[in-house]
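> There's a structure below that I have some questions on.
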Amino acid sequence: MIEVNELTKRYGRVTAVNGLSFTVSPGLVTGFLGPNGAGKTTTLRMLLGLNTPTSGTVSIDGRPFRELPRGLRQVGALLDAGDVHRGRSATAHLHALARGNGIPRRRVAEVLEEVGLAEVARRRVGTFSLGMRQRLGIAAALLGDPPVLLFDEPLNGLDPEGVKWVRGLFHRLAAEGRTVFVSSHLMSEMEHTADQLVVIGRGELIAAESLTEFATRGTRRSVSVRTPDITTLVAALAAEGASVTTEGDDGCTVTGVDARRIGELARRHDVALEELVTRRSSLEEAFMELTADSAQYQAGESR
């Protein structure tokens with residue numbers, strides 16, 4: 001279990017993390033979300049003792065990481081896939097980590113096989129693609145078979161097969177009772193991967209709840225409509241002030257008018273409806289809405 005209590009980190013006049021408190025429980029995949037500059041990486045670094053908090057506490061299974069003997073046996077982490085000696089082979093890199101943490105050498109071959117790098121184990125890391133370096137970083141996190149795992153943007157550079165593999169890996173690790181904490185900016189992937197979410201903005205907590213609970217906090221609703229007389233219905237909806245996006249020759253997505261009103265308009269204009277489904281906000285839509293005031297960098301409209 002990971003426990004963060006009133007965690008604050010300041011760099012001069014800049015407050016990167018401000019009074020942050022949350023818990024990450026075992027047996028679940030917990031996504032760690034926030035806009036760029038929200039303080040996610042700073043928080044992860046404080047979890048691992050790489051940055052010292054200005055105030056507050058952070059513990060892993062009741063103890064600060066720096067007090068844990070042979071850290072890789074307790075916590076596995078991937079923070080930066082590029083933070084590897086590029087002249088070493090994958091095997092040499094993992095052997096060095098294993099020696100420093102009292103991990104048997106046989107474990108190196110096991111994790112390289114697990115992440116799909118066994119055939120390139122003796123190649124220099126400098127020749128690896130970003131996706132291969134991500135796999136090597138995941139192998140390093142798994143090396144000590146730890147109960148707690150932290151991953152910062154682990155999907156960067158992975159192809160679709162790699163993304164599917166990582167998603168399955170996280171679910172398996174959580175099913176084994178481990179604590180899995182994953183930072184990512186890919187909302188579509190978190191929607192398929194995370195059970196719980198911790199969402200921050202400008203270093204402060206926005207939400208700590210299940211993915212379903214967070215998504216339902218978004219107020220945006222849309223209605224999916226399918227009809228053989230799409231032209232008539234779109235005209236009626238436009239006159240009503242609705243926003244309509246057509247989809248093919250017989251479908252559209254409607255916002256600004258609810259399903260009941262769409263049904264009334266269809267009856268008034270003798271339009272037969274084949275589908276009328278209200279859809280709630282997606283995770284991405286809820287995230288964009290609830291973190292809008294916390295985004296550090298926002299693009300303006302083109303002029």
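The values are calculated or read from the model by the stated rules, or taken from the named source; none is laboratory data. Keep in mind that what you see is a predicted model, and the values were worked out from it rather than measured. Here the Cβ positions follow ideal geometry from the backbone for every residue, glycine too, while neighbour counts run over all protein chains shown.
> Among the residues of region 172-188, is there at least one that is in contact (Cβ under 8 Å) with a residue 24 or more places away in the chain, basic (K, R) and surrounded by fewer than 22 Cβ atoms within 10 Å (Cβ to Cβ)?
Yes: region 172-188 contains one or more residues that are in contact (Cβ under 8 Å) with a residue 24 or more places away in the chain, basic (K, R) and surrounded by fewer than 22 Cβ atoms within 10 Å (Cβ to Cβ).
> Please verify whether V29 is within 30 Å of G131 (Cα to Cα) and surrounded by 22 or more Cβ atoms within 10 Å (Cβ to Cβ), treating the condition exactly as stated. Outline the logic, then answer.
Numbers: within 30 Å of G131 (Cα to Cα): yes; surrounded by 22 or more Cβ atoms within 10 Å (Cβ to Cβ): yes.
Taking the combined requirement at face value, the residue satisfies it.
> If I filter region 135-170 down to residues being at pLDDT 90 or above and of a type in the set (G, A, S), which single residue comes out as farthest from H185 (Cα to Cα)?
G144
Yes/no matrix, rows are residues, columns are (1) touching a residue at least 24 places away in the same chain (Cβ under 8 Å); (2) surrounded by fewer than 19 Cβ atoms within 10 Å (Cβ to Cβ); (3) not charged (D, E, K, R):
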{"site": "A194", "(1), (2), (3)": "yes, no, yes"}
{"site": "T245", "(1), (2), (3)": "no, yes, yes"}
{"site": "D258", "(1), (2), (3)": "yes, yes, no"}
{"site": "G263", "(1), (2), (3)": "no, yes, yes"}
{"site": "H269", "(1), (2), (3)": "yes, yes, yes"}
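> Also: Looking only at region 66-83, filter to residues that are over 23 Å from the mean Cα position of the chain (by Cα) and more than 13 Å from P146 (Cα to Cα); which one of those is surrounded by the most Cβ atoms within 10 Å (Cβ to Cβ)?
Ranking the qualifying residues of region 66-83, first place goes to E67.
> Quick test for you: out of P35, P53, pick the one residue that is at pLDDT below 90 and surrounded by 15 or more Cβ atoms within 10 Å (Cβ to Cβ).
Working: P53 fails: at pLDDT below 90.
Among P35, P53, only P35 is at pLDDT below 90 and surrounded by 15 or more Cβ atoms within 10 Å (Cβ to Cβ).
> Does V120 count as touching a residue at least 12 places away in the same chain (Cβ under 8 Å), surrounded by fewer than 20 Cβ atoms within 10 Å (Cβ to Cβ) and within 21 Å of L33 (Cβ to Cβ)?
no
> Being free of Cβ contacts under 8 Å to residues at least 12 places away in the same chain and more than 14 Å from I200 (Cα to Cα) narrows it down to one of E67, E3, so name that one.
Checking each option against the conditions leaves just E67.
> Just one of T43, T57 is within 23 Å of the chain's Cα centre (by Cα) and closer than 18 Å to E204 by Cβ; which is it?
T43
> Checking the conditions here, which among G87, G71 is out of contact with any strand residue (DSSP E or B) (no Cβ under 7 Å at 6 or more places or on another chain) and at pLDDT below 95?
G71
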